[in-house]
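**Student:** Just dropping this structure here.
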Amino acid sequence: MSTARAIRASLCKLPKGKPFTSERFLKHGSRSAVDRTLSRLVGQGEIQRVARGVFVRPRTSRFVGTVFPDVFDVVEAIARSNGETVQVHGAEAVRRFKLSTQVPTAPVFHTSASSRTIRIANITVRMVHTSNRRRLQFAGEAAGTALSALWYLGKDNVTPEAVAAIEAALGPAEFQRLLSADTPAWMTKALAAARGGLHA
């Protein structure tokens, strides 16, 4: 089977709107053959290029037309391809838990790889290197987002109210996962103290 036919067959099995990278097709041919095929499919409108080396089968809605994939899904696809770990930045994390109403001006992620800027469609995304592996625990999970929020708030701002909001949003199982994380002494103490007061 030719590279083009093999890629088309594989594409049919991928869900619409879910980002994928060109690397997943390298088993079907050389890098140049894969890139040529994907470029041809982009030109034919069968797939869309959402970032360098990242594509998606278009998903449409009768209300808004083409539905663009979530930026985090695209970043995760890039991370898997590169073998790096990425975590939602604290500024976005606190917003998700409604601990702040400020919206980051541009998406920012912690990464185990080098710091850089990537372009996803018309959005500029910053990838900030962190050597602290504890900040990357449970990456891509709700408990990981909670950890990122706690790191961002810092020692003096992790209040019982903030912990209560995080616990309510996570639910019992995911909150227990958060409690199992390797956290600094101040965070462990703040979580324990808040829970003691909340559940006394």
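Values in this text are rule-based calculations from the coordinates and carry no lab data. Values in this document were obtained by computation on a predicted structure and should not be read as measured data. Virtual Cβ from ideal backbone geometry, glycine too; neighbours counted across all protein chains shown.
**Student:** So which strands (runs of 3 or more DSSP E) are wholly in the stretch 41-90 and hold at least 1 residues that are in contact with a Gly (Cβ under 7 Å, 6 or more places away or on another chain) and surrounded by 18 or more Cβ atoms within 10 Å (Cβ to Cβ)?
**Tutor:** 54-56, 86-88
**Student:** What's the number of the only condition in (1) over 14 Å from the mean Cα position of the chain (by Cα); (2) surrounded by fewer than 17 Cβ atoms within 10 Å (Cβ to Cβ); (3) of a type outside the set (Ser, Thr, Tyr) that VAL128 fails to meet?
**Tutor:** Exception for VAL128: condition (1).
**Student:** Is it fair to say GLY144 is surrounded by fewer than 19 Cβ atoms within 10 Å (Cβ to Cβ) and small (Gly, Ala, Ser)?
**Tutor:** Criteria not met by GLY144.
**Student:** If you take the residues of the stretch 171-192 that are in a helix (DSSP H, G or I) and among the polar types (S, T, N, Q), which of them is nearest to THR159 (Cα to Cα)?
**Tutor:** For the stretch 171-192, the residue satisfying everything is THR188.
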